[in-house]
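The values are calculated or read from the model by the stated rules, or taken from the named source; none is laboratory data. This one's a predicted model, so the numbers in the text were calculated from it and none came from an experiment. Because the Cβ atoms are built from the backbone with ideal geometry, glycine has one as well, and the counts that use them run over all protein chains shown. Ligands, DNA and RNA are excluded from the accessible area calculation, which covers all protein heavy atoms including side chains. Shrake-Rupley method; radii C 1.70, N 1.55, O 1.52, S 1.80 Å.
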Amino acid sequence: MRIFTALLLVLLCISTLYAAPRELMLAKAWQPNINPTGWWMSEKFDGVRGYWDGERMWSRQGNRINIPDTLRRQLPPFATDGELWAGRNAFEQTNQIVRRDSSDESWQKISYLIFDAPNIDAPFEERIAALQAWYRVPQPSQVRIVEHTLCTSATHLRQTLRIFEAKGAEGLMLRAPRSAYHAGRSDALLKVKSYSDAEGVVIGYRPGKGKYIGMTGALVVRLADGNELALGSGLTDAERKNPPAIGTLVTFKYRGYTNTGKPRFATFWRVRE
């Protein structure tokens, strides 16, 4: 096993010579009819996706992310997939820091959480083993391998979800055992949350009433299917005074659908970059 892992690491370093921004593996939503027994569970981190090609960091959209040299020196010479993260409930802070110059001291708050090695042509468990072998000792201060736990049942999954959400986590991720790394939406990677979320483009505003007179009462957004929705719940006073501009892509949470097919109990969550 050690020899096999060593060979994988050598191949990874060689593959870096040909690395380039690539399409990443994306999750589908877990459905109760999917048995999670035997799958690997991990926390779903609410940060900025980062693909490290061995020399440079890229966003999910293929844009260059300029990371500081202190973080760069902690990264391996082969491709990794992970999340730039400042902590739970800190997405906005993470997003702002990642956009700043690499010399900005706020980068010290960012960790890079690695959950895969895309260029290894091997099952998920062996990809993780190769990463763990690389980061045996010493552990770098800003980089760590994401911990995965074997799921024993649907009850185990739901119990774990409640525990993590109580800590402020966005949810969980499920990875199919012995699965390969596939670009695009994959049945082998599932996200598990107690709510659903979707995106819409701001196309207008509704005026505020009562204590919100003179401010924005709700955002009018257009969904991908053409439906329009008013998002009032979830907006802070600061966002009502200075709402996202027309054309901004925003994310909202919801629970199920109405009889007309619109998201039920829709609540504004955040601006989606």
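Modelling each spin label as a point 7 Å along the Cα-to-Cβ direction, I'd like the Ala180/Lys28 distance in nm, to one decimal.
Computed distance between label sites Ala180 and Lys28 equals 1.7 nm.
Would you check the accessible area of Glu147, probe 1.4 Å, heavy atoms only, in square angstrom rounded to 10?
Estimated to the nearest 10 Å², Glu147 gives 140 Å².
Once phi is turned into θ = phi - 60°, what whole-Hz ³J(HN,Hα) does the Karplus curve with 6.51, -1.76 and 1.60 give for every residue of the range 122-136, x standing for Gly and Pro?
Coupling constants for the range 122-136: 7, x, 3, 4, 6, 5, 5, 4, 5, 5, 5, 5, 5, 9, 4 Hz.
Name the long-range amide H neighbours of Ile65: under 5 Å, sequence gap of 5 or more, or other chain; modelled H, no Pro or chain starts.
Hits under the 5 Å cutoff: Met57, Trp58, Ser59.
So which lysines can Lys44 reach, going by Cα to Cα under 24 Å and dropping same-chain residues fewer than 8 places off?
Qualifying lysines at Cα under 24 Å: Lys28, Lys109, Lys167, Lys191, Lys193, Lys253.
Any chance you could check the Cα centroid distance between the range 19-65 and the range 149-199 for me, in angstrom?
Spelled out, the Cα-based centre of one part sits 12 Å from the other.
Quick one: which residues, 5 or more positions from Leu24 or on another chain, have an amide H under 5 Å from its amide H? H modelled 1.01 Å from N in the peptide plane, none for Pro or chain starts.
Placed amide hydrogens put Gly184 under 5 Å from Leu24.
Taking amide hydrogens as modeled 1.01 Å from N in the peptide plane, which residues meet the under 5 Å criterion relative to Gly50, leaving out close sequence neighbours?
Gly82, Glu83, Leu84
In whole percent, and with a 1.4 Å probe on the protein chains, what portion of the accessible area of the range 99-163 is carbon and sulfur?
47 percent
Report the label-to-label distance for Ser141 and Asn242 in nanometres (one decimal), using points 7 Å from each Cα along the Cα→Cβ vector.
In this crude spin-label approximation the distance works out to 3.2 nm.
What aspartates and glutamates sit close enough to Lys209 to cross-link, taking a C-alpha to C-alpha distance under 20 Å and skipping anything fewer than 8 places away on the same chain?
Filter leaves Asp237, Glu239.
From the phi angles alone, apply the Karplus equation (6.51, -1.76, 1.60; θ = phi - 60°) to the range 76-86 and give each ³J(HN,Hα) in whole Hz, x where the residue is Gly or Pro.
Residue by residue, the range 76-86 yields x, x, 9, 6, 9, 10, x, 10, 7, 9, 10 Hz.
Solvent-accessible area per residue for the chain at a 1.4 Å probe radius, Å²?
52 Å²
Can you check how the C-alpha radius of gyration of the range 192-234 compares to 2.2 N^0.38 Å, as a plain ratio?
1.35
Starting from the Cα gyration tensor of the range 114-234, multiply each eigenvalue by 5, take the square root, and state the resulting semi-axes largest first in whole Å.
Ellipsoid half-lengths, sorted descending, are 40, 18, 16 Å.
Round to the nearest 10 and report in Å² the accessible area of Met215, as given by a 1.4 Å probe over the protein chains' heavy atoms.
Met215 exposes around 40 Å² with every protein chain in place.
Can you send over the carbon and sulfur percentage of the accessible area for the range 211-253, probe radius 1.4 Å, protein chains only?
Roughly 51 percent of what the probe reaches on the range 211-253 is carbon or sulfur.
For the chain, evaluate the Debye formula with one uniform point scatterer on each Cα (no solvent term) and list log10 I(q)/I(0) at q = 0.08, 0.11, 0.14, 0.17 Å⁻¹, rounded to two decimals.
The Debye formula, applied to the Cα set alone, gives -0.39, -0.71, -1.09, -1.42.
For the peptides 174-186, 122-134, what is the packing order when you average, over each peptide's residues, the other Cβ atoms within 10 Å and list the highest mean first?
The most tightly packed comes first, giving 122-134, 174-186.
On full extension of the chain, what length is gained from Thr260 through Asn66, given 0.36 nm per residue of separation minus the C-alpha to C-alpha distance?
Length difference between fully extended and current span is 65.3 nm.
So what's the projected area for the range 103-154, the Cα convex hull averaged over all directions, in nm²?
5.7 nm²
Rounded to a whole number, what is D in µm²/s for the range 216-273 from Stokes-Einstein with the Kirkwood radius over alpha-carbon pairs (25 °C, 0.890 mPa s)?
Result for D is 208 µm²/s.
Karplus couplings for the range 54-70 from phi (6.51 cos²θ - 1.76 cosθ + 1.60, θ = phi - 60°), rounded to Hz, Gly and Pro as x?
x, 9, 9, 9, 10, 7, 4, 7, x, 8, 5, 10, 8, 9, x, 4, 4
Strictly greater than 12 Å: what percent of every Cα pair in the range 33-94 meets that?
Of the Cα pairs, 73 percent sit more than 12 Å apart.
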